[in-house]
Amino acid sequence: MSNSSSISSITLAPKSKVFGTIQAPGSKSICNRVLPMAAFANGSCLIRNLSKGDDVVYMKSALEKLGIPMYQEDGNLRITGLGRPHQHASASPLKLFLGNSGTCMRFLASMLSAGKGYYRLQGEARMYERPIQDLVQALEGLGAQGISYTQKEGCPPLEIQANGLQGASTCIKGEWSSQFVTGLLLALPLCRESARAEVVGHLVSKPYIEMTLKLMEIFGVEIKNQDWKQFSIDNPHGYSSPESISIEPDASSSSYFLAAAAIAGGTITVPGLSEHSLQGEAKFAYVLEKMGAKVSYGNDSITVSRNELRGIDVDMDALTDTGMTLAVTALFADGQTRIRNIGNWRVKETDRIKAMATELRKLGAEVEEGIDNLIINPPKRIQAAEIETYNDHRMAMSFSLACFGSETITILNPSCTNKTYPDYFGDFQRLLA
């Protein structure tokens, strides 16, 4: 979907230093929450620093196809919201192609169910293997009707014959994806009556839920949070747009640059992020600090410099994406690194636990792959390798860090980074220079 050219591979020669300041693109996670809220809100909102990654382009394109008024204003995007859930009067389904974007599929399935009309949500082949049944069942608990699977039971593509959400009470499993819970939360303000959602089991990736709740507050919605076990809203009245909102730089994308400084030497500063970021993944800097890196926090920046790194044992449940950055950083640490509580990696763009273990072994690491964990023993010397990326943007970006060994690293299908960061390898090589 991106305009970036597609190339089969990119070869990275060994490097030893990085210096500079890097401004990563706007956070995909924030963009794909803000866009649909603005689309169905009362009022007009100017959105600054919108990401150009494929996932955000899919969301924006879907909203355009839904007829949401939007236009460019001084390089930013202005959206005039409908002030209500969407309505589609045609007897034919309105088809929305969402690529392999879990945020698009799950958030739009929820919010369109609150309106009226016939929709078909489709995407790429991998999307049709990614589960969505837990979310669908939770929406049905709020009164959703007419949601059906057109291929594999429990997975997209979906057909939705929406007739609104009544409200009342429902429940949702919390252990597989925070996006299911976020999708349900985004639908609550669009219900006809007060609504309550119970979380069953352990809630993974809480920082992403916290981000959702904070952004909903900005759009005039107060969700009651009872110890992460129950979320409720009284007398829902939809969303109200702020006059403007500026999207933070993507913390997950920034993690590769921070890790590069920790591994290779030199200093990297990321402006626009801090300890108090909306994004929980910004706390990856704490993980680098625990490994021994030098980290300093400004009011609106994070800076990392190299120090001797040591292996750590860490629960990465709250830092789902940057756990992958840690896995490659572990190649350069003294001693074993154990990354725990990452079972939800298996239902991402690929089975990330299996993929990460396979590619780390190519570089010479000894890796134990558990159901929900990885144990990594670094090699004495990183080997030259061709890294398969499985069409997963985070595999490509994480393994770029392997070039700080002493051998050449080839990354296959590097253009898969178009999903969130089309200019990643250009920015990465600029800092290497």
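Taken together, the values in this text are just the output of simple stated rules run on the coordinates, not laboratory data. Predicted model, so just to flag it, every value in this text is computed and none were measured. Cβ placement follows ideal geometry from the backbone for every residue including glycine, while neighbour counts extend to all protein chains displayed.
Sorted by average packing, counted as other Cβ atoms within 10 angstrom per residue and highest first, what order do 112-119, 309-316 take?
Taking the mean over residues of other Cβ atoms within 10 Å, the ranking is 112-119, 309-316.
Can you give the relative contact order of region 1-84 as a percent, counting alpha carbon pairs under 8 Å and 6+ residues apart?
Values: 94 pairs, mean separation 29.4, N = 84.
Here the relative contact order equals 35 percent.
Mind pulling the angle between the C-alpha long axis of helix 102-113 and the longest principal axis of the chain? Nearest 10 degrees, somewhere in 0 to 90.
Approximately 10 degrees, to the nearest ten.
Relative to the longest principal axis of the chain, what angle (0 to 90°, nearest 10) does the C-alpha long axis of helix 178-187 take?
Around 30 degrees separate the two axes.
Report the Cα centroid-to-centroid distance between region 167-186 and region 1-60 in angstrom, as an integer.
Measuring centre to centre over Cα atoms gives 25 Å.
Please give me, ordered by residue number, the trypsin sites (Lys or Arg not before Pro) of region 1-97 that lie in loop per DSSP and have at most 15 other Cβ atoms within 10 Å.
Here the sparse-neighbourhood loop sites are 17.
Placing +1 at every Lys and Arg Cβ and -1 at every Asp and Glu Cβ, with all other atoms neutral, what dipole size does region 234-388 have around its Cα centre, in debye to the nearest 20?
About 680 debye.
Can you tell me the order of 158-169, 235-246, 390-401 when each peptide is scored by its average per-residue count of other Cβ atoms within 10 angstrom, highest first? Please report the intermediate quantities before stating the final value.
Numbers: 158-169: 19.1, 235-246: 16.4, 390-401: 26.0.
By packing density, highest mean first, the sequence is 390-401, 158-169, 235-246.
Which order, highest average first, do 174-181, 339-346 follow once you tally other Cβ atoms within 10 Å for each residue and take the mean per peptide?
Working: 174-181: 23.2, 339-346: 20.0.
For the peptides 174-181, 339-346, the packing ranking is 174-181, 339-346.
Figure the gain on full extension for residue 125 and residue 243 (residue separation times 0.36 nm, minus the Cα-Cα span) and round it to one decimal in nm.
Details: separation 118, 0.36 × 118 = 42.48 nm, distance 3.83 nm.
Full-extension gain reported as 38.7 nm.
Determine, at each q value in 0.07, 0.09, 0.11, 0.14 (inverse angstroms), the log₁₀ of I(q)/I(0) that the Debye formula gives when each Cα of the chain is one equal point scatterer.
With one equal scatterer per Cα and no solvent, log10 I(q)/I(0) is -0.33, -0.54, -0.81, -1.28.
Over region 37-173, what is the relative contact order in whole percent, taking alpha-carbon pairs under 8 Å and six or more residues apart?
21 percent
Restricting the count to DSSP beta bridges whose residues both fall in the chain, what percent are antiparallel, rounded to a multiple of 5?
Working: 46 of 72 bridges.
Antiparallel bridges make up about 65 percent of those DSSP assigns within the chain.
If contacts are Cα pairs under 8 angstrom and at least 6 residues apart, what is the relative contact order of region 74-127 in percent?
46 percent
Starting at the first residue of region 18-29, write each ³J(HN,Hα) from the Karplus equation 6.51 cos²θ - 1.76 cosθ + 1.60 with θ = phi - 60°, in whole Hz, x for Gly and Pro.
9, 9, x, 10, 10, 10, 5, x, x, 4, 4, 4
Can you give me the long-range amide H partners of residue 48? Hydrogens built in the peptide plane at 1.01 Å from N, cutoff under 5 Å, separation of 5 or more residues or another chain.
245, 246, 247
Cα gyration tensor of region 285-433, axes a ≥ b ≥ c as square roots of the eigenvalues: rounded (a/c below 1.5), prolate (a/b > b/c) or oblate?
Rounded, since a/c falls under 1.5.
Given axes a ≥ b ≥ c from the Cα gyration tensor, I'd like to know whether region 1-94 is rounded (a/c under 1.5), prolate (a/b larger than b/c) or oblate. Mind dumping the intermediate values first?
On the way: a/c = 3.36, a/b = 1.91, b/c = 1.75.
Judged from the Cα gyration tensor, region 1-94 comes out prolate (a/c at least 1.5, a/b above b/c).
Once phi is turned into θ = phi - 60°, what whole-Hz ³J(HN,Hα) does the Karplus curve with 6.51, -1.76 and 1.60 give for every residue of region 329-346, x standing for Gly and Pro?
4, 4, 4, 9, 9, 8, x, 6, 10, 10, 10, 10, 6, 10, x, 6, 4, 6
Once R0 is set to 45 Å, what does the formula 1/(1 + (r/R0)^6) return for the Cβ-Cβ distance between residue 64 and residue 307, expressed as a FRET efficiency to the nearest 0.05?
That pair, residue 64 with residue 307, gives E of 0.40.
For the pair residue 166 and residue 148, how long in nm is the line joining their label points, each one 7 Å along Cα→Cβ?
About 2.2 nm separates the two model spin labels.
What is the gain in length, in nm to one decimal, between residue 380 and residue 294 on full extension, counting 0.36 nm per residue of separation less the C-alpha to C-alpha distance?
28.6 nm
Dipole size in debye (nearest 20) for the chain around its Cα centre, Lys and Arg Cβ +1, Asp and Glu Cβ -1?
Values: 42 positive and 45 negative charges, 75 e Å.
Dipole of the chain, to the nearest 20 debye: 360 debye.
Please work out whether region 64-127 counts as rounded, prolate or oblate from its C-alpha gyration tensor, where a ≥ b ≥ c are the square roots of the eigenvalues and a/c under 1.5 means rounded, while otherwise a/b larger than b/c means prolate and anything else oblate?
On the way: a/c = 1.98, a/b = 1.21, b/c = 1.64.
It is oblate, given that a/c is not under 1.5 and a/b is not larger than b/c.
Given R₀ = 22 Å, what would the calculated FRET efficiency be for residue 42 paired with residue 192, taking r from the Cβ atoms and rounding to 0.05? Mind showing how you got there, number by number?
Working: r = 17 Å, r/R0 = 0.77.
So, using R0 = 22 Å, E works out to roughly 0.85.
State the answer as a single residue: which of 327, 209, 401 lies farthest towards the positive end of the charge dipole of the chain, with beta carbon charges of +1 for Lys and Arg and -1 for Asp and Glu, about the Cα centre.
My answer, from the dipole projection, is 401.
Quick one: helix 206-218 against the long Cα principal axis of the chain, what's the angle to the nearest 10°, folded into 0 to 90?
Value to nearest ten degrees: 50.
Long-range amide H contacts for residue 370: which residues qualify at under 5 Å (H placed 1.01 Å from N, peptide plane, sequence gap of 5 or more or a different chain)?
375
Please give the length that would be gained between residue 351 and residue 368 if that part of the chain were fully extended, namely 0.36 nm times their separation in residues minus their C-alpha to C-alpha distance (nm, one decimal).
My answer for the length gained is 4.6 nm.
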